[in-house]
1. State whether one or more residues within the range 125-143 are farther than 30 Å from Ala49 by Cβ and touching a Phe, Trp or Tyr at 6+ places or on another chain (Cβ under 8 Å).
2. Do the conditions hold for Val167, that is, is it in a strand (DSSP E or B), touching a residue at least 60 places away in the same chain (Cβ under 8 Å) and surrounded by 12 or more Cβ atoms within 10 Å (Cβ to Cβ)?
3. Condition first: surrounded by 11 or more Cβ atoms within 10 Å (Cβ to Cβ), over 30 Å from Gly75 (Cβ atoms) and of a type in the set (S, T, N, Q). Can you find one or more residues in the range 139-157 that meet it?
4. Give the residues of the range 73-93 that are closer than 21 Å to Gly108 by Cα, in a loop (DSSP other than H, G, I, E, B) and touching a strand residue (DSSP E or B) at 6+ places or on another chain (Cβ under 9 Å), sorted by residue number.
5. How many of the residues making up the range 87-113 are over 31 Å from the mean Cα position of the chain (by Cα) and crowded, with 18+ Cβ neighbours inside 10 Å?
6. Select, from Thr143, Thr151, Thr135, Thr155, the only residue that is polar (S, T, N, Q) and touching a residue at least 12 places away in the same chain (Cβ under 8 Å).
7. Give the residue that is surrounded by the fewest Cβ atoms within 10 Å (Cβ to Cβ), with candidates limited to residues of the range 117-137 that are modelled with pLDDT of 90 or more and small (Gly, Ala, Ser).
Amino acid sequence: MVTEFSAGITASSSPTSIASGPDGNLWFTQSSGNRVAQFGAGAPAPSVAPPAVSGSGVSGTAHTCGGEQWATWAGEQPSTTSRAWLRDGAAIAGATGSSYTPTVADVGRQFSCTVTVAYALVRVPGISAASAAITVTAPVVPTPTPTPTPTPTPTVAPRPSMRCAVVGGLDKPRLKVVCRVTVVMPSARVRWIVARRDDGSVVDRGRNALRDRRLVINLTRVEDVAKGRHRVTVTKGKGVNRIVLRRIVRIR
């Protein structure tokens, strides 16, 4: 087969200056046509290895087209003239670069790429090779992990207590015990008992209202009161909600 490397074959020309080329073919010039040609096996062979699409196949991620290999022909490697990306075998408009990012519209469809090359000395159309097609899949959306609800720090209620003082005395016109509770109780009324500390005998008892956490106990049974230490007990509520406060006072 004779392959020319310029335009047209000149009529009545004959080969001259025949020589063996580096590609193993016989090269010659035409004596009257100013042309260069060769005796050879014909057009270059297809690609040694076709291009391949590299990527995850997931929409929204970039993919590349490359890795193709071509046969050496006439002592040269070809130059790439164009690339194209295909969707279901049809060219995607504007997708002619070495990379392509499939969109949501591509999910479930197949896309591939083609590479076209040309040899500088060959008067034949460009030679193309196509990659295998891959199917585009949708990205996996992870299930969001709910933010754990923080465990509230338990609030420790302040422990109620009280302070008491004796106002007056046995030799005074009046005798009373004034107590102040350190926390606000849920109700305004409490029960109280004043008893001797030594034998526990009750001196007086009653039920009074707390006013601004202040309890005033007016001892009316003064004849039962003796000098010395007495225990003041204040109670509120029943069962698990019962509050008991105690304090020692000295009556003079």
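The values are calculated or read from the model by the stated rules, or taken from the named source; none is laboratory data. Since the model is a prediction, treat every value here as computed from it, not as a measurement. Positions of Cβ are generated from backbone atoms using ideal geometry, with glycine treated the same way; all protein chains shown enter the neighbour counts.
1. To start, the set of residues in the range 125-143 that are farther than 30 Å from Ala49 by Cβ comprises 138-143.
From what is left, the residues that are touching a Phe, Trp or Tyr at 6+ places or on another chain (Cβ under 8 Å) are none.
No, the conditions are met nowhere in the range 125-143.
2. Working: in a strand (DSSP E or B): yes; touching a residue at least 60 places away in the same chain (Cβ under 8 Å): no; surrounded by 12 or more Cβ atoms within 10 Å (Cβ to Cβ): yes.
Answer is no for this residue.
3. Kept after step one, since they are surrounded by 11 or more Cβ atoms within 10 Å (Cβ to Cβ), are these residues of the range 139-157: 139.
Now drop any that are not over 30 Å from Gly75 (Cβ atoms), which leaves 139.
Those still in the list that are of a type in the set (S, T, N, Q) too: none.
Looking through the range 139-157, none of the residues is surrounded by 11 or more Cβ atoms within 10 Å (Cβ to Cβ), over 30 Å from Gly75 (Cβ atoms) and of a type in the set (S, T, N, Q).
4. First, the residues of the range 73-93 that are closer than 21 Å to Gly108 by Cα: 84-93.
Now drop any that are not in a loop (DSSP other than H, G, I, E, B), which leaves 88-89, 92-93.
Asp88, Gly89, Ile92 - these are the residues of the range 73-93 that are closer than 21 Å to Gly108 by Cα, in a loop (DSSP other than H, G, I, E, B) and touching a strand residue (DSSP E or B) at 6+ places or on another chain (Cβ under 9 Å).
5. Narrowing the range 87-113 to residues over 31 Å from the mean Cα position of the chain (by Cα): 87-98, 112-113.
Now narrow it down to the ones that are crowded, with 18+ Cβ neighbours inside 10 Å: 87, 95, 112-113.
So the answer is 4.
6. Details: Thr143 fails: touching a residue at least 12 places away in the same chain (Cβ under 8 Å); Thr151 fails: touching a residue at least 12 places away in the same chain (Cβ under 8 Å); Thr155 fails: touching a residue at least 12 places away in the same chain (Cβ under 8 Å).
Going through Thr143, Thr151, Thr135, Thr155 in turn, just one is polar (S, T, N, Q) and touching a residue at least 12 places away in the same chain (Cβ under 8 Å): Thr135.
7. Initially, the range 117-137 is screened for residues modelled with pLDDT of 90 or more, giving 129-137.
If we keep only those that are small (Gly, Ala, Ser) as well, we get 129-133.
Numbers: Ala129: 18, Ala130: 17, Ser131: 21, Ala132: 11, Ala133: 15.
Among those that are modelled with pLDDT of 90 or more and small (Gly, Ala, Ser), it is Ala132.
Yes/no matrix, rows are residues, columns are (1) on the phi < 0 side of the Ramachandran plot; (2) among the acidic types (Asp, Glu); (3) at pLDDT 85 or above:
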| residue | (1), (2), (3) |
| --- | --- |
| Leu170 | yes, no, no |
| Val178 | yes, no, yes |
| Arg205 | yes, no, yes |
| Thr220 | yes, no, no |
| Gly228 | no, no, yes |
